1. Quick one: what pairs do we get from region A:178-190, first residue under 16 Å from A:ALA243 (Cα atoms) and away from chain B (no Cβ under 14 Å), second modelled with pLDDT under 95 and open to solvent by less than 10 Å² (accessible area, probe 1.4 Å), C-beta under 9 Å, 6+ apart or different chains?
2. If I filter region A:162-174 for residues that are more than 14 Å from chain B (Cβ to nearest Cβ), farther than 23 Å from B:GLU88 by Cβ, among the aliphatic types (A, V, I, L, M) and open to solvent by less than 30 Å² (accessible area, probe 1.4 Å), do I get at least one hit?
3. Just the residues that are more than 12 Å from A:LEU294 (Cβ to Cβ) and touching a Lys or Arg at 6+ places or on another chain (Cβ under 7 Å), please, taken from region B:74-100.
4. Could you say which residue among A:PRO178, A:PRO197, A:PRO247 is closer than 23 Å to B:LYS84 by Cβ and not hydroxyl-bearing (Ser, Thr, Tyr)?
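The values are calculated or read from the model by the stated rules, or taken from the named source; none is laboratory data. Worth saying up front: this structure is predicted, and the values here are computed from it rather than measured. In this analysis, Cβ positions are derived from the backbone assuming ideal geometry, glycine residues included, and neighbour counts consider all displayed protein chains. Just the protein is used for accessible areas: all its heavy atoms, side chains included, with ligands, DNA and RNA removed. Shrake-Rupley method; radii C 1.70, N 1.55, O 1.52, S 1.80 Å.
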Amino acid sequence: MTIRVSRLAAAIALFASLPATMHAHRQWMLPSSTVLSNTDAWVTVDAAVSNGLFYFDHVPMRLTSLRITGPDGLERKPQNAATGKYRSTFDVHLNGAGTYKIAIVQSTVFATWDDAGQQKSWRGSASDFAAQVPPAAAGLKTSKMNSRLETFVTAGKPSNKVFETTGVGLELVPVTHPNDLVTGEAATFQLLLDGKPAAGLEVTLIAGASRYRDKEDEMKAKTGEDGKFSVTFKDPGMYWMNATTAPARGGGPAAGGPKPAIAGGPGAGGPGAGGPMRMPVGDRSSYTATFEVLPQ
Amino acid sequence: MRIRVPAAVTGLLTTPMMFAADLEVSVEIPRINVAEYHRPYIAMWIEKQDQSFAANLAVWYDLQTAKAEKGTTWLKDLRMWWRKSGRELTMPVDGVSGATRPPGVHPVMFRGSKAPLASLAPGAYHFVVEASREVGGREVVRIPFQWPAKSAQQVKVQGQSELGQVQMTVKP
């Protein structure tokens with residue numbers, strides 16, 4: 001079974017360009033700066049998938065679903081984008097004051113079905129699903145992963161336009177602006193799942209430079225009924241944050257077929273933090289972000 | 001001393017007001033013996049007791065670079081000031097921004113009759129000075145004071161790295 005899945009994965013790699021072995025690997029983007037004081041500024045961003053934070057030593061993050069939103073709510077094109085062996089990199093031109101959102105949003109469908117006694121499986125973007133999986137397949141089971149990977153940078157005064165939510169998957173609503181984080185001050189964020197407060201969700205925060213310490217030293221928080229959680233950062237640095245919902249039951253027979261595809265192009269990438277290729281277990285959503293915490 | 005007398009005199013001449021308390025500060029930029037020396041960026045402001053921002057006094061930064069944008073690029077390195085006030089402003093700010101200064105003692109006078117002190121509500125405050133130097137470090141010095149002063153107050157604080165002696169005098 002393991003072997004077979006790997007072989008399948010190789011075939012699927014054409015569409016879903018990450019290997020099937022990314023168990024527990026973390027997706028991340030790392031901006032060169034998050035707080036800038038000139039209004040015609042540039043940042044460069046690395047994007048990769050790895051265990052250690054923030055080291056590119058595994059596979060690059062694909063940029064096909066990359067979307068950059070300016071403080072005016074309009075899209076900005078990444079500049080000088082390239083994907084190497086271990087990381088992707090691109091520049092963002094901050095040509096106006098305010099907060100920019102850099103996001104890779106994916107909706108990945110995983111499906112299994114029965115083809116004359118042989119089990120088939122497929123993984124790819126929601127938008128490719130209809131075209132590539134026989135709709136009337138026997139015993140078709142699907143589950144979907146909505147994953148959102150974000151980071152924020154601000155030129156001048158922080159603004160809030162980029163935090164307008166879409167109502168799909170897990171999304172972050174700032175109570176504390178993510179470019180206004182300093183050590184020793186409590187920061188509060190709200191997570192929404194499909195537009196409603198994501199209550200009782202576990203949130204993990206891990207500081208960068210993990211190579212130079214023995215323990216992961218992760219911080220855990222849990223969202224309240226209102227979807228909010230608070231965290232006080234003791235040390236400055238770059239932090240990786242992730243929350244992933246438990247699989248929602250009902251990922252069984254795809255009676256209603258897949259839900260309409262959401263944002264995220266044909267690139268597909270794979271599930272959020274973890275999620276090896278396996279049987280459909282139900283729909284899940286993940287939210288991952290990189291925050292910079294400055295010293296006081 | 002050399003500030004004190006003119007202060008009193010001009011206070012009498014130009015501001016026949018109820019109280020004309022002035023804030024006199026002197027900030028020493030230390031001479032630092034390094035191969036690559038750049039003058040520090042310096043911000044001075046007033047904070048309330050809870051450390052919330054009250055008023056800007058001065059920001060010395062690189063005004064004279066050929067490209068207008070360039071000087072503001074590093075204002076964020078005055079990171080405390082940037083978060084409390086800088087990011088809200090469009091530089092340069094009249095009466096606040098100025099060019100960087102060389103090592104030495106720099107006396108500056110802020111008149112009680114003029115912005116921002118004229119509109120500063122009576123209360124307990126801190127005078128704050130933050131210095132940040134390219135290829136160097138950063139330092140913040142805070143001095144508490146009462147405004148307006150009931151009696152003359154003079155406080156000296158010795159900086160450790162990027163600031164030398166910081167002296168503040170308030171008089172009724």
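1. none
2. Yes, there is a match, as at least one residue in region A:162-174 is more than 14 Å from chain B (Cβ to nearest Cβ), farther than 23 Å from B:GLU88 by Cβ, among the aliphatic types (A, V, I, L, M) and open to solvent by less than 30 Å² (accessible area, probe 1.4 Å).
3. Listed by number, the residues that qualify are B:ARG87, B:GLU88, B:THR100.
4. Values: A:PRO197 fails: closer than 23 Å to B:LYS84 by Cβ; A:PRO247 fails: closer than 23 Å to B:LYS84 by Cβ.
None of the other options fit; the residue is A:PRO178.
Yes/no matrix, rows are residues, columns are (1) touching a His at 6+ places or on another chain (Cβ under 9 Å); (2) at pLDDT 60 or above; (3) among the polar types (S, T, N, Q); (4) surrounded by fewer than 15 Cβ atoms within 10 Å (Cβ to Cβ):
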{"site": "B:ALA8", "(1), (2), (3), (4)": "no, no, no, yes"}
{"site": "B:LEU12", "(1), (2), (3), (4)": "no, no, no, yes"}
{"site": "B:ASP22", "(1), (2), (3), (4)": "no, yes, no, no"}
{"site": "B:SER26", "(1), (2), (3), (4)": "yes, yes, yes, no"}
{"site": "B:ASN33", "(1), (2), (3), (4)": "no, yes, yes, yes"}
